[in-house]
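Asks: Mind having a look at this structure? Questions to follow.
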Amino acid sequence: MKTIGFDKPLYILPFDHRGSFETKMFGWHGDLNAAQTAEIAAAKQVIYDAFKAAIAAGVPKEKAGILVDEQFGGAILGDARANGYAAACPAEKSGQAEFDFEYGADFARHIEAVQPTFCKVLVRYNPDGDAAVNKRQTARLKQLSDYLHSKSQSRFMFELLVPAEKAQLDRLNGDKKKYDIELRPKLMVQTIQQLQDAGVEPDVWKVEGLDRRDDCEKIVAAARRGGRDKVGCIILGRGEDDNKVREWLTTAAQVQGFIGFAVGRTVFWNPLVDYRAKKITREGALAEIARRYEEFVGIFEKTRPFRQGKSSTIKLAPSILAADVARLGEKVTEAERSGADRIHVDVMDGHFVPNISFGAVVVEALRPITRLPLEVHLMITDPDAFFDEFAAAGADSFLVHWEGNSNLHRTIQRAKELKKRVGVVINPATPATVLEEVLQDIDLVLVMTVNPGFGHQHFIETTLPKIRRVREMIERIKPDCELELDGGIDATTAPLGVAAGANVLVAGTSIFGDVKGVAAGMERLRTAIKQAA
Ligand code: DX5
Ligand code: ZN
């Protein structure tokens, strides 16, 4: 089975509406003739063209996607595939209270004919609803889940609506808002758990908006429980007005695990209605749809950098430069036992920086001592010349400086050929912009928060705006890339760096120099980060 989950940013423009398009937008009932079908397809093409316009205007292509049906959007699905856009395609019969496959037993053939990035199902499920209906739905959903995970490249997107049962609403005196705020979040968690327990394993849960941040956190916790830690959640719009959707997205965007949204009607409905009524031109409708979609993307893009700094995800990389060299092995073991995430080895040659430190022999000696990754920070004039030696010694990643390297691209490629992780380091005086062209190729950016060469120096606070800029660039170009800081990190400066967007911290003095020991030093850092979060 593939790993379950999808945790990259995902901003979907959904327009797979079928029943509601026919009846509500067009006012048609019963079977459609060819001209009517073509008219709906043309309306969907306006939305798709707006999606493309939004990408041309700067919405990151790799985070964007559409959701459209085969019936009216067959051509669009083909075009999206040709253009490399993420595309989701529904598998459910439209306009039905109980989930069933649109194409019955033939569902797999349709999925493989389209090969969407995501196979989406819309399901109405209330844990207190009709048990027989829930059971039938669950059986069909498990069949789809098993199929997708074992036989298909398409991932499983589960759109969950939890409509109120009459008895539930009665208890709240018919107050639907109260239901949404007080009851629905709990029912959503229960539903997610029940379905998972029954073997229904979506990669992405597409859920109704939540008014409270802690409810968003509970949904993520349910979606990710039991080792499902890559599963993503996105917010759907339910056709609510702009303000409500804006609120929902802003709340969800702050919670790690909410990777994006799928908002359709709030984006395209009014512009399309106006266009059909000839109040605006096709171009006008297109521009307005693009504008609304871009606005919602903006909410996530703006908020994401700040939630990167969630304390639990911050990694610590103790730098052995500050450790007692006579007891290096012991110190590294202590760091590992205290929960270090990797060991940072500063390599200095007396040329690139005015100091000499460790060589490959130290990495070789540490290799059997620890299972942690050893990252070598190469403060040397010709890093390429030493790659083989450090690789043979057991280094896991190479951190190379931008400064003084006129062939950085080649250096990065060489590290990759050796199958090592690679990071680019920039000194305090070097601007973030130099990273622009290399970012897509690297695993990590290391921002020096002191001038390299010595431990135990003061954190340079003027690097903070640059750290924020690097974070923004990473979000735009390569969200998986790590952002590490090095120099002067202690309980005071660590929270500043994390708030600016760092997710890995190197620390020498504050860990190995702590009078109470390595464990106490690490604990002090972790507490400071947690309190600031
Ligand atoms: C500086 C080194 C750092 C240094 C950090 O040139 O790259 O890794 O060891 O040490 P502290 O935490 O003491 O500043
Ligand atoms: Zn370093």
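The values are calculated or read from the model by the stated rules, or taken from the named source; none is laboratory data. Just so it is clear, the model here is predicted, and its values are computed rather than measured. Glycine gets a Cβ as well: all are built from the backbone with ideal geometry, and neighbour counts include every protein chain shown.
Matching residues to (1) more than 14 Å from ligand 1 (Cβ to nearest atom); (2) part of a loop (DSSP other than H, G, I, E, B); (3) aromatic (Phe, Trp, Tyr):
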| position | (1), (2), (3) |
| --- | --- |
| GLY455 | no, yes, no |
| MET473 | yes, no, no |
| ILE489 | no, yes, no |
| ILE511 | no, no, no |
| ALA519 | yes, no, no |
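Here's the yes/no breakdown for (1) β-branched (Val, Ile, Thr); (2) modelled with pLDDT under 95:
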position	(1), (2)
VAL46	yes, no
LYS63	no, yes
PHE72	no, no
ALA88	no, no
GLU98	no, no
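Asks: Right, next: Considering only residues that are β-branched (Val, Ile, Thr) and within 8 Å of ligand 1 (Cβ to nearest atom), look in the stretch 498-509 and name the one that is farthest from ALA432 (Cα to Cα).
Replies: For the stretch 498-509, the residue satisfying everything is THR509.
Asks: May I ask you to verify whether ARG337 is surrounded by fewer than 19 Cβ atoms within 10 Å (Cβ to Cβ), without any contact (Cβ under 8 Å) to a residue 40 or more places away in the chain and either among the basic types (Lys, Arg) or out of contact with any strand residue (DSSP E or B) (no Cβ under 9 Å at 6 or more places or on another chain) (or both)?
Replies: When the stated conditions are applied, ARG337 does not pass them.
Asks: Right, another one. Looking only at the stretch 382-405, which residues are out of contact with any helix residue (DSSP H, G or I) (no Cβ under 7 Å at 6 or more places or on another chain), part of a loop (DSSP other than H, G, I, E, B) and within 15 Å of ligand 1 (Cβ to nearest atom)?
Replies: If the condition is that a residue be out of contact with any helix residue (DSSP H, G or I) (no Cβ under 7 Å at 6 or more places or on another chain), part of a loop (DSSP other than H, G, I, E, B) and within 15 Å of ligand 1 (Cβ to nearest atom), then GLU403, GLY404 are the ones that fit.
Asks: Out of the stretch 410-453, which residues are among the hydroxyl-bearing types (Ser, Thr, Tyr) and more than 16 Å from ligand 1 (Cβ to nearest atom)?
Replies: THR411, THR433
Asks: On the given criteria, is GLY508 touching a helix residue (DSSP H, G or I) at 6+ places or on another chain (Cβ under 6 Å) and within 16 Å of ligand 2 (Cβ to nearest atom)?
Replies: Answer is yes for this residue.
Let's see how each residue does on (1) over 17 Å from ALA507 (Cα atoms); (2) in contact with a strand residue (DSSP E or B) (Cβ under 7 Å, 6 or more places away or on another chain):
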{"residue": "LEU374", "(1), (2)": "no, yes"}
{"residue": "PRO383", "(1), (2)": "yes, yes"}
{"residue": "GLY404", "(1), (2)": "yes, no"}
{"residue": "PRO452", "(1), (2)": "no, yes"}
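Asks: Picking from GLY5, GLY30, GLY104, which residue would you name as being within 25 Å of GLU301 (Cα to Cα) and of a type outside the set (S, T, N, Q)?
Replies: Testing whether each residue is within 25 Å of GLU301 (Cα to Cα) and of a type outside the set (S, T, N, Q) leaves just GLY5.
Asks: Sticking with this structure for a sec: Can you spot a residue in the stretch 461-470 that is more than 16 Å from ligand 2 (Cβ to nearest atom) and under 27 Å from GLY350 (Cα atoms)?
Replies: Checked against the condition, which is being more than 16 Å from ligand 2 (Cβ to nearest atom) and under 27 Å from GLY350 (Cα atoms), the stretch 461-470 yields at least one hit.
Asks: Quick one: would you say ARG228 is part of a loop (DSSP other than H, G, I, E, B) and either crowded, with 20+ Cβ neighbours inside 10 Å or not β-branched (Val, Ile, Thr) (or both)?
Replies: Spelling it out, ARG228 is indeed part of a loop (DSSP other than H, G, I, E, B) and either crowded, with 20+ Cβ neighbours inside 10 Å or not β-branched (Val, Ile, Thr) (or both).
Asks: Based on what the data block shows, is ILE467 within 16 Å of ligand 1 (Cβ to nearest atom), within 26 Å of the chain's Cα centre (by Cα) and among the aliphatic types (A, V, I, L, M)?
Replies: Criteria met by ILE467.
Asks: Another one. Do the conditions hold for ALA64, that is, is it more than 20 Å from PHE118 (Cβ to Cβ) and small (Gly, Ala, Ser)?
Replies: no
Asks: Next question. Those residues that are buried (at least 24 other Cβ atoms within 10 Å of the Cβ) and in a helix (DSSP H, G or I), I need them from the stretch 475-487; list them, please.
Replies: none
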